[in-house]
1. With every protein chain left in place, what is the accessible area of Ile504 in Å² (1.4 Å probe, nearest 10)?
2. So if R0 is 35 Å, what FRET efficiency would Gln225 and Glu281 give, r being the distance between their Cβ atoms, rounded to the nearest 0.05?
3. Using 0.36 nm times the number of residues separating Asp77 and Val308, minus their current alpha carbon distance, what extension gain do you get?
4. Just to be sure I understand the model, the point goes 7 Å from the Cα along the line to the Cβ. What's the resulting Thr8 to Ala432 distance in nm?
5. Place a label point 7 angstrom from the Cα of Arg143 along the Cα-to-Cβ direction, then list the residues of the stretch 66-89 whose backbone nitrogen is under 11 Å away.
6. Taking 0.36 nm per residue of separation and subtracting the Cα-Cα distance, what length does fully extending Arg334 through Glu232 add?
7. I need the Debye-formula profile for the stretch 179-332: one equal scatterer per C-alpha, no solvent, reported as log10 I(q)/I(0) at q = 0.17 1/Å, two decimals.
8. Could you put Met335, Met250 in order of accessible surface area, largest first, with the 1.4 Å probe and the full protein assembly present?
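The values are calculated or read from the model by the stated rules, or taken from the named source; none is laboratory data. None of the values given here were measured: they were computed from a predicted structure. A quick note on method: Cβ atoms are made from the backbone with ideal geometry, for glycine too, and the neighbour counts reach across all protein chains shown. SASA here: full protein model, heavy atoms, side chains in, ligands and nucleic acids out. Shrake-Rupley method; radii C 1.70, N 1.55, O 1.52, S 1.80 Å.
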Amino acid sequence: MSAPTEETVRVLSVPERGESRILDGDWVDDGFDVAVEPSAESAAERLRRERFDCVVAGYDLRESDGLELLRNVRDRDPGVPFVLATASGSERVASEAVAAGVTDYVPLGQRETDDDDTGGGSDAAPVTDGETLRTRVRAAVERGRDRGEGGDRERDRRRLETLIGNLPGFVYRCRNAPGWPMEFVRGESEPITGYTTEELASDAVVWGEEVIHPDDREQAWETVQAAIDTGEEFEATYRIRARDGEVRWMWERGCLVESTVDGTAVLEGFVTDVTERKQYEAEIERRNQELEAFTSVVSHDLRNPLSVAKGRVELARERHDDPDLDHAARAHDRMETRIEQLLTLARNGERVTDTEPVDLDAAVARCWSGSATDDATLDADVDLTVEADRDRLVQLLENLVRNCVKHGSTDSRAESGDAIDHGGDAINHGGAVSVRVGELDDGEGFFVADDGPGIPEGVRDQVFDAGFTTAADGTGFGLGIVSRIAEAHGWTVEAVDGADGARIEVRTEPAA
């Protein structure tokens, strides 16, 4: 009897009719846990309920044969080792067993010769003792495990290749040495660099010396080494010169791994093209610089002369009681209001980057309490949370509410002679306007509506343009500011046909 092994092997045995002489107590002593089933049918049923390391079956079984059981097992679990141990086999049985995927074919009968330890055909010497069969079974289990692990590795490899193929970039393995010579490259390198993965992984082209832009090589190296020194993953953004000479932006993320190549540390990581993002950022920066220049002109070159003019008018009013001076003072006030709105419009064009979940109902309450609403009434029924800059969301709501109060009320229309920003004929609402704030039906945004005259369909696309107004005393910046705040959040805003008046919809994604 061989020495006991540390790991128990679970075996499901289906002996041939009248065959039990080799499944003796020595199997348990030799590290096997043997379960016996009398027929192929009962064995198949047990295999559906339990897991075994190996099936050992004869050929001449009750109500069936070992080949049928083998095919049944292979249909359900191609990886489980199956040993066909039979005293009633033949060349045909052996051949069919091999074709069906048997792990080992063991003829039973006389003692096996010393030079045969593999089995697999009818020419193999018959086995007459349990110890030899146990050795063959354990060998079959080991081979099955090796194939299983290899199969797992192959499946993992295929999954990884599929994943890499779907990535907008490539993965790499390189030495952490000047030039970063590549050892392994997989993925879509050619569309973004012009170089194939084979070229990058060979001496045909050196990433750090021939591909990375000369002006960015030193900074990229320092970024990577600084992260390595602290034991962290690294991220680097730099330019490359593609094969066709085009300059493109890359974003790279990677880390130092434990293995080495020729004594040199190894890096593994991922590189992707971020050229479009960098171009967008550059355009945003250009626009912000233009806005800064604009606000500087507005705040200095317009405000200073206006302050002088206002001061002169006040001095004149102290000396003279002239109604024309009152008109001039009101004109100065309107100019100051317009300047403030221009500055607000410019500032709100900046992209929102710092957001938080904001309860819309609370934002509406804050907006209403801080706005001049006259006799207007509010009906707010919203259960929505949005990712937003809280202050700018409140400002958006304030402008929408102010627009409703000013242009939805018949009193305000009569006082200003306004043809209304909303447009349309006056409707008698007794002067006061009702403002309603609610959630869109699909839950992806909210609306602010009033019961005033509404917005004519012909101008709904224009009301968000800065400076557009049909009001005699309007500045046309209120809804323009709304549009800029929405755009800065990545939202959309639209004037639609309201049930009773004007309705502005802000479409956004609710916070999770």
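1. For Ile504, solvent-accessible area is about 10 Å².
2. Details: r = 26 Å, r/R0 = 0.74.
So the FRET efficiency works out to roughly 0.85.
3. On the way: separation 231, 0.36 × 231 = 83.16 nm, distance 9.13 nm.
Full-extension gain reported as 74.0 nm.
4. 8.4 nm
5. Under 11 Å, as judged by backbone N against the label point of Arg143, lie 81-84 of the stretch 66-89.
6. Details: separation 102, 0.36 × 102 = 36.72 nm, distance 5.74 nm.
Here the segment from Arg334 to Glu232 would lengthen by 31.0 nm.
7. For the stretch 179-332, the Cα-only Debye profile gives -1.02.
8. Working: Met335 100, Met250 0 Å².
In descending accessible area the options line up as Met335, Met250.
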